[in-house]
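Since the structure comes first, as structure tokens, the remarks are kept for the end.
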Amino acid sequence: MDIEVTGTDVYANNSYASLFETIMNDVGKAILIDKAKMVLKPDIPLFVFSVKLTNGPVNKTISDAASIRQDRKETHICISDEKFAPEILSQLWKRYGRSNVDQQTRFDLIVNGGDENEIASLPISSGEDFMKEIIGALWRVMPEGIRSKHNICDSNVVTIIATEEIMRPEMIEEGKQIHRSLGGMC
């Protein structure tokens, strides 16, 4: 991950680069970030955090998180990505009813009367959820006490502009310039 920090305090710039990398690793988002740019101007106050993602958000289906096989009137599902287990179970219950979904183990399910292709295409995560996770991770890096924020999200660039004061047009414009410098459209 390439991190660029500019601002009015050199010591704080280095600290924020380290803090950013640590937090993104802790929340499991570091591997999703290709490049990060941060502008820290506590004297104004203005903080701009912008990240370019390695891949844009995608909608996930059950087939992305589990292996599925049809055996006559039963569909066997083996969940390989446990973070999606609750949503997989929820989607199967909605579609087939609780009485037709047999949970053999934590990750092994049998759906009575299920169709392999239909189950494979059931949605379990949206790109919107992914962007919310990235924005939440960025907010963990922001200084406390920020009252005013403006988010800009594209397919693979997320920028947060924040201040403790009233958000002025020139602050938003500076954030947009940083957003565009990472390939964002705004």
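Give, rounded to the nearest 20 debye, the magnitude of the charge dipole that the stretch 1-73 has about its Cα centre when Lys and Arg contribute +1 at Cβ and Asp and Glu contribute -1 at Cβ.
Dipole size: approximately 580 debye.
Would you list, by chain and number, the aspartates and glutamates whose Cα falls below 16 Å from the Cα of K149, excluding same-chain residues fewer than 8 positions away?
E164, E165, E170, E173, E174
So for the chain, taking the charge dipole from beta-carbon charges (+1 Lys/Arg, -1 Asp/Glu), which of L92, G183, I124 sits furthest toward the positive end?
Positive-most Cα among the choices belongs to L92.
How far, in degrees from 0 to 90, does helix 10-26 lean away from the longest principal axis of the Cα atoms of the chain, to the nearest 10?
That helix lies at roughly 0 degrees to the long axis.
For the stretch 144-186, which trypsin sites (Lys or Arg not before Pro) are in a loop by DSSP, counting at most 14 other Cβ atoms within 10 Å?
Sparse-neighbourhood loop trypsin sites (Lys or Arg not before Pro): R147.
At 1.4 Å probe radius, can you tell me the per residue accessible area of the chain in Å²?
So the chain comes to 55 Å² accessible per residue, rounded to a whole number.
Helix 85-96 against the longest principal axis of the chain: what's the angle in degrees, Cα atoms only, rounded to the nearest 10?
50
If the elastic network links every pair of Cα atoms under 10 Å, which of K94, K52, K35 fluctuates the most in the Gaussian network model of the chain?
With Cα springs under 10 Å in the chain, the top fluctuation among K94, K52, K35 is at K94.
Please give the solvent-accessible surface of L89 in Å², to the nearest 10, using a probe radius of 1.4 Å with every protein chain present.
Number for this one is 20 Å².
Ignoring any ligand, DNA or RNA, what whole percent of the accessible area of the chain comes from carbon and sulfur when the probe is 1.4 angstrom?
47
Just reorder V111, V10, V27 by solvent-accessible area, largest first, 1.4 Å probe, all chains present.
In descending accessible area the options line up as V10, V27, V111.
What distance in nm separates the two pseudo spin-label positions at K132 and K94, each 7 Å out from Cα along the beta-carbon direction?
1.3
Sum up the charges of everything whose Cβ sits under 12 Å from the Cβ of S67, counting Lys and Arg as +1 and Asp and Glu as -1, but leave S67 out.
Summing Lys and Arg as +1 and Asp and Glu as -1 gives -3.
So what's the angle, to the nearest 10 degrees on a 0 to 90 scale, between helix 127-141 and the longest Cα principal axis of the chain?
Long axis of 127-141 versus the principal axis of the chain: about 40 degrees.
Can you list the lysines whose alpha carbon sits under 28 Å from that of K83, skipping same-chain ones fewer than 8 residues off?
Reachable lysines: K29, K35, K52, K60, K73, K94, K132.
Using the scaling law 2.2 N^0.38 Å as the reference, what is the normalised Cα Rg of the stretch 5-132?
1.53
With runs of 4+ DSSP H residues as the only contributors, calculate the mean residue ellipticity of the chain at 222 nm using -39,500 (n - 2.57) per run, divided by the residue total and rounded to the nearest 500.
-10500 deg cm²/dmol
The values are calculated or read from the model by the stated rules, or taken from the named source; none is laboratory data. On a predicted model such as this, the values are computed, not experimentally measured, just so you know. Cβ sites come from the backbone with ideal geometry, for glycine too, and all protein chains shown count toward neighbours. Surface accessibility is based on the protein's heavy atoms, side chains included, excluding ligands, DNA and RNA. Shrake-Rupley method; radii C 1.70, N 1.55, O 1.52, S 1.80 Å.
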